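A quick write-up on the structure given underneath.
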Amino acid sequence: MFFWVLALLIFCGFVWNYKRQLKIADITDKYIFITGCDTGFGNLAARTFDKKGFHVIAACLTESKSTALKAETSERLHTVLLDVTDPENVKRTAQWVKNQVGEKGLWGLINNAGVLGVLAPTDWLTVEDYREPIEVNLFGLIDVTLNLLPLVKKAQGRVINVSSIGGRLALGGGGYTLSKYALEGFNDSLRRDMKAFGVHVSCIEPGLFKTGLSDPVKATEKKLAIWKHLSPDIKQQYGEGYIEKSLDKLKDTNSFVNMDLSLVVECMDHALTSLFPKTHYAAGRDAKTFWIPLSHMPAVLQDFLLLKQKVELANPKAV
């Protein structure tokens, strides 16, 4: 009996692996649209998919980054300036993309644009500190998706949303985690709604990667700016050395940081070109071996492990 169960498992594993390797027939006539191509994952994705033969439309926030990207790629790649938080800009861009792709429609929409916002303890923040990441990472993504979705449906293509392990675990206070949790919900509802139209929706959950988004210098500057305006009571509770100690803790996590951005782009590639794309992709060794498994654990274990990385407060009972 054990032999037959083992044989069945091996056969199922073989079939599953075989299905994952099946690719779409042709990519040279397919258009894909990628947001957030100034730097990081989006920039590498635009250059990678251009080399593979896709017609890439790369959305950048700045003219300088747009010009630099065009200089590094083929004539197939087009860039467009896009601020995902500007509804009129999004509508104009969607119309422009429609004119570019014509009757072929849009095979792939990669929602990659995102910002980190302020990362700080929740009781340091105001509601305004939450707005930027939620506007960009959630509402901007939804607006782009809704405006381009008719083109994706026409091509029976793919939507790929770049989330984060921050959409599985709340690693710190601020709007970033909130935006990613909400993105996961939007992704799941969109995936189920689009099945009837032959549109595949995938979500990529990168771990900790070294990108401009995670620049510790910028994060520290924002944290210090907030610290300067905190009430004396809160400063007394946390202690004057809190930020310095938290930076030392941050250095201890450097061993978790992935340097190879292509790990995320490989997930995008599979979601775009596989006949059977996955619904969720974990990118990075830390995401696969620690963060994603931890997200399925009991809250008491999550709290224990994550709070071990927190700095001990100087006098939390001070008022």
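The values are calculated or read from the model by the stated rules, or taken from the named source; none is laboratory data. All of these numbers come straight from a predicted model, not from anything done at the bench. Heads up, the Cβs are rebuilt from the backbone with ideal geometry, glycines too, and the neighbour counts pull from every protein chain shown. Ligands, DNA and RNA are excluded from the accessible area calculation, which covers all protein heavy atoms including side chains. Shrake-Rupley method; radii C 1.70, N 1.55, O 1.52, S 1.80 Å.
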Outside any strand (DSSP E or B), out of contact with any His (no Cβ under 7 Å at 6 or more places or on another chain), closer than 29 Å to PHE276 by Cα and at pLDDT 95 or above: is that true of GLY42 in this structure? yes
Residue check: is ILE234 assigned to a helix (DSSP H, G or I) and modelled with pLDDT under 90? no
Considering residues that are among the acidic types (Asp, Glu) and in a helix (DSSP H, G or I), the number found within region 76-118 is 2
From the list LEU183, LEU190, LEU230, pick out the single residue that is open to solvent by less than 50 Å² (accessible area, probe 1.4 Å) and touching a Ser or Thr at 6+ places or on another chain (Cβ under 6 Å). LEU183
From LEU263, LEU247, residue being in the same structural domain as ILE165 (by the TED database), among the hydrophobic types (A, V, I, L, M, F, W, C) and surrounded by 13 or more Cβ atoms within 10 Å (Cβ to Cβ): LEU263
Within region 180-238, the residues that are more than 25 Å from GLY40 (Cα to Cα) and among the β-branched types (Val, Ile, Thr) are VAL199, ILE226, ILE234
Across region 287-319, the tally of residues that are assigned to a helix (DSSP H, G or I) and touching a residue at least 12 places away in the same chain (Cβ under 8 Å) stands at 9
If LYS91 passes every condition in (1) in contact (Cβ under 8 Å) with a residue 24 or more places away in the chain; (2) closer than 19 Å to VAL265 by Cα; (3) surrounded by fewer than 20 Cβ atoms within 10 Å (Cβ to Cβ) but one, which one does it miss? (2)
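Under the condition of being among the polar types (S, T, N, Q) and touching a residue at least 60 places away in the same chain (Cβ under 8 Å), which residue from region 185-219 is nearest to PRO150 (Cα to Cα)?
In this case the residue turns out to be SER202.
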Within region 286-293, is there a residue that is assigned by the TED database to the domain that holds ILE160 and either open to solvent by 80 Å² or more (accessible area, probe 1.4 Å) or at pLDDT below 85 (or both)? yes
What number goes with the only condition from (1) of a type in the set (Gly, Ala, Ser); (2) under 20 Å from the mean Cα position of the chain (by Cα); (3) more than 22 Å from LEU294 (Cβ to Cβ); (4) in a helix (DSSP H, G or I) that ALA225 does not pass? (2)
Would you be able to tell me the number of residues in region 198-209 that are open to solvent by 10 Å² or more (accessible area, probe 1.4 Å) and either more than 13 Å from the chain's Cα centre (by Cα) or acidic (Asp, Glu) (or both)? 2
Confirm whether LEU69 is more than 19 Å from ALA46 (Cβ to Cβ) and of a type outside the set (Ser, Thr, Tyr). no
Taking region 52-88 on its own, how many of its residues are in contact with a strand residue (DSSP E or B) (Cβ under 8 Å, 6 or more places away or on another chain), free of Cβ contacts under 8 Å to residues at least 12 places away in the same chain and open to solvent by less than 60 Å² (accessible area, probe 1.4 Å)? 0
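Against the definition (at pLDDT 95 or above and open to solvent by 10 Å² or more (accessible area, probe 1.4 Å)), how does GLY241 come out, yes or no?
No; evaluated as a whole, the condition is false for this residue.
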Regarding region 147-164, can at least one residue be identified that is assigned to a helix (DSSP H, G or I), surrounded by fewer than 20 Cβ atoms within 10 Å (Cβ to Cβ) and either at positive phi or among the polar types (S, T, N, Q) (or both)? yes
Can you give me the number of residues within region 264-286 that are within 23 Å of ARG47 (Cβ to Cβ), touching a residue at least 40 places away in the same chain (Cβ under 8 Å) and of a type outside the set (S, T, N, Q)? 12
